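Student: Attaching a single structure in structure tokens format; questions to follow.
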Amino acid sequence: MKKYVILISGRGSNMEALLAADLPGECAAVISNRPDAAGLAFARQQGVATAVVDHRDYPERAAFDAALAAEIERHAPDLVLLAGFMRVLGDHFVRRLTGRMLNIHPSLLPAFPGLHTHRAALAAGVRIHGCTVHFVTPALDSGPIVIQAAVPVLDGDDETTLATRVLMQEHVIYPQAAAWFLQGRLRLLNGRVVSDVPQPAGAVL
Ligand code: GAR
């Protein structure tokens, strides 16, 4: 059976959605860079192994990346799922895992990379917003896109209402993308997404 690990930094609602999805694989571990990440308790309750690699123990990013990579590789995962993991990962780390690491980002990339995506979407006045699952490459939030979901921006939305609407879709598309990967229906080849998923399955409108 294929194995995956999930990396979190906080609440872990995407991790919960992944664990609830009965993916065709085994969750070998949930790893956090923060010992107080709320999602760790939920993972333990589910009987999933957890580990913490606290970034504050490593003054240099390269040392943190190396410790995190060692913890991940200990589980020999086929897939690494970044689920609200809020540390920027160095090029070397990302290259080691390219093609077997996915991320969920709360915007319709390439719009609104980085932090505070809902605030940025409201400030820009867009009428459609959403979320993206993509393969992770060294450039932040710009790896090849696997699936996106769109939601309307409604009059009267604030960051909280918009984030809630987007998050509901994150919980749909991330398990979907992870399942495709674990089923061997999705991979990265020469920097491009190759999949046998019928179009337009990569879009949720
Ligand atoms: C999610 O909205 C996820 O898309 C976002 O953080 C939130 C984590 O929530 N990730 C990023 O912004 C990554 N740059 P969760 O811990 O409840 O899954």
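Student: Could you list, in sequence order, the residues of the stretch 35-60 that are over 20 Å from Ala179 (Cα atoms) and assigned to a loop (DSSP other than H, G, I, E, B)? Steps first, please.
Tutor: Going residue by residue through the stretch 35-60, those that are over 20 Å from Ala179 (Cα atoms) are 35-42, 44-45, 47, 49-60.
Once the filter is applied, which keeps residues that are over 20 Å from Ala179 (Cα atoms) and assigned to a loop (DSSP other than H, G, I, E, B), the stretch 35-60 yields Pro35, Asp36, Ala37, Gly47, Ala49, Val53, Asp54, Tyr58, Pro59, Glu60.
Student: State which residue pairs qualify: first residue within 17 Å of Ala120 (Cβ to Cβ) and inside the stretch 154-170, second residue charged (D, E, K, R) and surrounded by 14 or more Cβ atoms within 10 Å (Cβ to Cβ) in any location, beta carbons under 6 Å apart, and separation of 6 or more residues or different chains.
Tutor: From the stretch 154-170, the pairs are Glu159/Arg119.
Student: Another question, if that's okay. Are any residues in the stretch 172-205 in contact with a helix residue (DSSP H, G or I) (Cβ under 7 Å, 6 or more places away or on another chain) and either at positive phi or buried (at least 20 other Cβ atoms within 10 Å of the Cβ) (or both), and if so, which ones?
Tutor: If the condition is that a residue be in contact with a helix residue (DSSP H, G or I) (Cβ under 7 Å, 6 or more places away or on another chain) and either at positive phi or buried (at least 20 other Cβ atoms within 10 Å of the Cβ) (or both), then Tyr174, Pro175, Ala178, Leu186 are the ones that fit.
Student: Do any residues in the stretch 101-126 that are within 20 Å of Ile6 (Cα to Cα) have Cβ atoms under 6 Å from those of residues that are among the polar types (S, T, N, Q) and within 10 Å of the ligand (Cβ to nearest atom), where the two are at least six apart or on different chains, and which pairs are they?
Tutor: Ile104/Asn14; His105/Thr132; Pro106/Thr117
Student: In this structure, does Val52 turn out to be touching a Pro at 6+ places or on another chain (Cβ under 8 Å) and of a type in the set (A, V, I, L, M)?
Tutor: In short, yes.
Student: Count, please, the residues in the stretch 28-46 that happen to be open to solvent by less than 20 Å² (accessible area, probe 1.4 Å) and within 15 Å of the ligand (Cβ to nearest atom).
Tutor: Residues that pass the stated criteria total 8.
Student: Looking at (1) over 17 Å from the mean Cα position of the chain (by Cα); (2) open to solvent by 50 Å² or more (accessible area, probe 1.4 Å), which is the one condition that is false for Ala120?
Tutor: (2)
Student: State all residues of the stretch 47-72 that are exposed (fewer than 13 other Cβ atoms within 10 Å of the Cβ) and in contact (Cβ under 8 Å) with a residue 12 or more places away in the chain; if no residue qualifies, say none.
Tutor: Listed by number, the list holds a single entry, Ala62.
Student: Another one. I'm told Ala76 meets every condition in (1) within 20 Å of Lys3 (Cα to Cα); (2) surrounded by 15 or more Cβ atoms within 10 Å (Cβ to Cβ) except one. Can you identify the failing condition by its number?
Tutor: (2)
Student: Shifting gears a bit: Answer yes if at least one residue in the stretch 87-105 is closer than 30 Å to Gly202 by Cα, among the aromatic types (Phe, Trp, Tyr) and either within 16 Å of the ligand (Cβ to nearest atom) or over 17 Å from the mean Cα position of the chain (by Cα) (or both), and no otherwise.
Tutor: Checked the stretch 87-105: at least one residue is closer than 30 Å to Gly202 by Cα, among the aromatic types (Phe, Trp, Tyr) and either within 16 Å of the ligand (Cβ to nearest atom) or over 17 Å from the mean Cα position of the chain (by Cα) (or both).
Student: When you look at His129, is it in contact with an Asp or Glu (Cβ under 6 Å, 6 or more places away or on another chain) and either among the charged types (D, E, K, R) or buried (at least 22 other Cβ atoms within 10 Å of the Cβ) (or both), yes or no?
Tutor: no
Student: Something else now. If a residue has to be near the ligand (Cβ under 10 Å from one of its atoms) and among the β-branched types (Val, Ile, Thr) to count, how many in the stretch 1-15 make the cut? Steps first, please.
Tutor: Keep residues of the stretch 1-15 that are near the ligand (Cβ under 10 Å from one of its atoms), which gives 6, 8-15.
Next, only the ones that are among the β-branched types (Val, Ile, Thr) stay: 6, 8.
Final tally of qualifying residues: 2.
The values are calculated or read from the model by the stated rules, or taken from the named source; none is laboratory data. Just so it is clear, the structure is predicted and the values come from calculations on it, not from any experiment. Methodologically, a virtual Cβ is constructed for each residue, glycine included, from the backbone with ideal geometry; neighbour enumeration extends over all protein chains shown. The accessibility values were calculated without ligands, DNA or RNA, using every heavy atom of the protein model including side chains. Shrake-Rupley method; radii C 1.70, N 1.55, O 1.52, S 1.80 Å.
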